[in-house]
Amino acid sequence: MGMKIGFIGLGQMGQGIAANLVKAGHDVAVYNRSAEKAAALVAQGARLAKTPAVAADGAEAVFTMVADDKALEAVTFGADGLISALAPGAVHVSVSTISVAFAERLTEEHAKASQHFVSAPVFGRPDAAAAAKLVVVAAGEPEVIARLQPLFDAIGQRTFVLSETPSRANLVKLSGNFLIASVIESLGEAIALVAKGGIDPAAYVEMLTSTLFPSPVYKIYGGLIAAETFSPAGFAATLGQKDVRLALAAAEALNVPLPLASLLRDRFLALLAQPGGAELDWSAISTLAKRDSGQ
């Protein structure tokens, strides 16, 4: 039997996740700041909610997939925020990439309201979200996560439950995005090197990803870098910069130096300083290595 769910945030990722919850037979009320983004989901059977509070009203679980801490704060604690309408015992599931500190605040505030909070950030780009192939990294109370498991199964290919402390899932997500950004930067530098030496970038990436690095991250981003396909953005450079910044903040709180993350922060800022840089995919930081090599 389907659950009554609220879903807040219908960007590229949220669209695919919400659609898969609808397809799985759940009663889904959707909210987005710009309501026109909900039209396709309503056509598939979702209900349109005019505010986050309406999406949360009567829901067993409310998912949020928004850009950053500020956006999540607005839909949670702002006027008509979800926390005001979520029933005692119901759960707020944050699948957004947010700071460790804000996840800790959400855990505390929902507990005060006799509600549950679970962090369940996801790995995967919009095509993976649409295909229900995301990797879900969840943390929270075991019995609450067990209740949510059918929902995670509907949106992802695998769920990793790593802790009973929600914010630790956010730490893992930030560490993962730091690693992906590191791969993008190193691939950009290596491709700039071989391309200037006369090697075809696509052939080089094919060699790498079929031998030394046969992983999805190298295949996806190596392909984008070789083809210079940075628009439309599957994951915007502004979000990449935000995630590296949040990784550095988490590292500072734990007294863990991340020298590569400091470099990546500057690479993203350099990209964002370029005209149109903010609209590009985060893999476009690879263009800086090409530019620096005089190509």
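For the reader, a short list of remarks on this structure follows.
- Karplus-based coupling profile of the range 54-60, in residue order and whole Hz: 5, 4, 7, 4, x, 7, 7, with θ = phi - 60° in 6.51 cos²θ - 1.76 cosθ + 1.60 and x standing for Gly or Pro.
- Working value for the range 169-295: equivalent-ellipsoid semi-axes of 24, 17, 13 Å, each the square root of 5 times a Cα gyration tensor eigenvalue, largest first.
- Gyration tensor verdict on the range 1-153 (Cα atoms; rounded if a/c is under 1.5, prolate if a/b is larger than b/c, oblate otherwise): rounded
- Pairwise centroid distance, computed over Cα atoms, of the range 50-108 with the range 216-242, Å: 29
- DSSP-loop GluC sites (Glu not before Pro) across the range 76-112, with at most 12 other Cβ within 10 angstrom: none
- Computed from the Cα positions only, the extents of the chain along the three principal axes stand at 63, 45, 36 Å, in decreasing order.
- Helix-derived mean residue ellipticity, 222 nm - over the chain, DSSP H n ≥ 4, -39500 (n - 2.57), to 500: -16000 deg cm²/dmol
- Debye, to nearest 20: dipole size of the chain, +1 on Lys, Arg Cβ, -1 on Asp, Glu Cβ: 260
- Cα long-axis angle, helix 237-253 against the chain (0 to 90 degrees, to the nearest 10): 80
- Of the residues 207, 1, the one with the fewest other Cβ atoms within 10 Å heads the list, and the complete ranking is 1, 207.
- Furthest towards positive pole of dipole, 287, 263, 275, structure part the range 171-292, Cβ charges: 263
- Neighbour cut-off at most 16 other Cβ (10 Å), DSSP loop, GluC sites (Glu not before Pro), the range 217-290: 228
- Part-to-part distance (alpha-carbon centres) for the range 121-141 and the range 182-200, which is given in Å: 29
A short reminder: the numbers here are calculations on the coordinates, not readings from a lab. Since the model is a prediction, treat every value here as computed from it, not as a measurement. Glycine also receives a Cβ, built like all others from the backbone with ideal geometry; neighbour counts cover every protein chain displayed.
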